[in-house]
Amino acid sequence: MVSSEQRRKQLAREKYARQLKRREAARRRARIRNITITLGLVIVLAAGGAYAASGGLNGDKKKDESDSAADQPSAPPTSKAPDPCDKPAKGEPTGKQWKKEPAMKVDESATYTMQLSTTCGEIDIAMDAGEAPHTVNSFDFLAGEKFLDHTACHRMTGPPQQLSVLQCGDPTGTGSGGPGYELPDENLKGAKYPAGTVAMANSGPDTGGSQFFLVYEDSELPAKYTPFGKVSDSGMKVLKKIAGAGLTPMRAQGDGRPNATVVIDKATVHKS
């Protein structure tokens, strides 16, 4: 029979063993907790370092204050500059639509000039009927129908984008309008887009309509946009004036609406 003294000692040993287990379990939990905290601090510090490296610790410091001068592009001003252009003539775009491309009537051996009488000045474009007959034929037709009259040039791009262009020819002014028909791509082999080039905007192969762009600085573009004309020297001065007024960004830096009120009051095409 176990005496009361032996029983007391046995209970004391069991109690001590339980205490040892609890202490060991507590030490394990402490080690796990310390490891977790350490890893968490490493992650937080790493994230903080990446955040600082990305400029996140600069607060509300402006870009032109935080970037070096060497990183600054010579972009047209994006603040609201004075409008160098006159008020548009009274009138609205006709908004006419056609289901088919106009019948080919262009003389590929002749010289065609499209004159854009804009609120900012006259822009003459010598069009190449030999290399882009469908496109030139279309603009001859659209000008005769007064389709381009009273239409705004709705988009301008510049540095840091890789293109410096003024886009026009949309009667809706939204970038999605056109005459209802589509034109085939032309003159794309080896196409380049230096300053003065006039080319077709599109939404894919063979989808040209009435929207076109005028290049005011040498631009890097793939050969996917029909080049069909060249701006005159006097027209380039008008383009430079428009570009100098800057733009209001809408999509990204260097892409938006021109600050200048650029409206084609009247478009005419002359054959010679």
Could you work out the local net charge near G144, counting Lys and Arg as +1, Asp and Glu as -1, over the other residues with Cβ closer than 14 Å to its Cβ? +2
Report ³J(HN,Hα) in whole Hz for each residue of segment 104-117, in order, from the Karplus equation J = 6.51 cos²θ - 1.76 cosθ + 1.60 where θ = phi - 60°; Gly and Pro get x. 6, 10, 5, 9, 5, 8, 8, 9, 10, 10, 9, 9, 9, 8
The set of residues whose placed amide H lies less than 5 Å from the amide H of W98, leaving out same-chain residues fewer than 5 positions away, is G180, Y181
Enumerate the calculated ³J(HN,Hα) couplings along segment 143-153 in order (Karplus 6.51 cos²θ - 1.76 cosθ + 1.60, θ = phi - 60°), each rounded to whole Hz, writing x wherever the residue is Gly or Pro. 5, x, 8, 6, 5, 8, 5, 6, 9, 8, 7
Could you go through segment 197-204 in sequence order and give the Karplus-derived ³J(HN,Hα) for each residue, using 6.51 cos²θ - 1.76 cosθ + 1.60 with θ = phi - 60°, rounded to whole Hz, and x for Gly and Pro? 5, 10, 9, 7, 7, 7, 10, x
Per residue value of the accessible surface for segment 81-231 (all protein chains in place, 1.4 Å probe), Å²: 45 Å²
Ignoring solvent entirely, what values of log10 I(q)/I(0) come out of the Debye formula for segment 111-271 at 0.10, 0.13, 0.15, 0.19 Å⁻¹ when each Cα is a single scatterer? -0.30, -0.52, -0.72, -1.25
Report the calculated FRET efficiency for K237 and Q162 (r = Cβ-Cβ distance, R0 = 25 Å), to the nearest 0.05. 0.55
In this structure, among K99/K146; K105/K192; K87/K237; K105/K271; K87/K266, pairs with alpha-carbon gaps over 21 Å are K105/K192
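The values are calculated or read from the model by the stated rules, or taken from the named source; none is laboratory data. The shown structure was predicted, so the numbers you read here are calculated from the model rather than taken from an experiment. Glycine also receives a Cβ, built like all others from the backbone with ideal geometry; neighbour counts cover every protein chain displayed. What goes into the accessible areas is simple: the full protein's heavy atoms, side chains included, and nothing from ligands, DNA or RNA. Shrake-Rupley method; radii C 1.70, N 1.55, O 1.52, S 1.80 Å.
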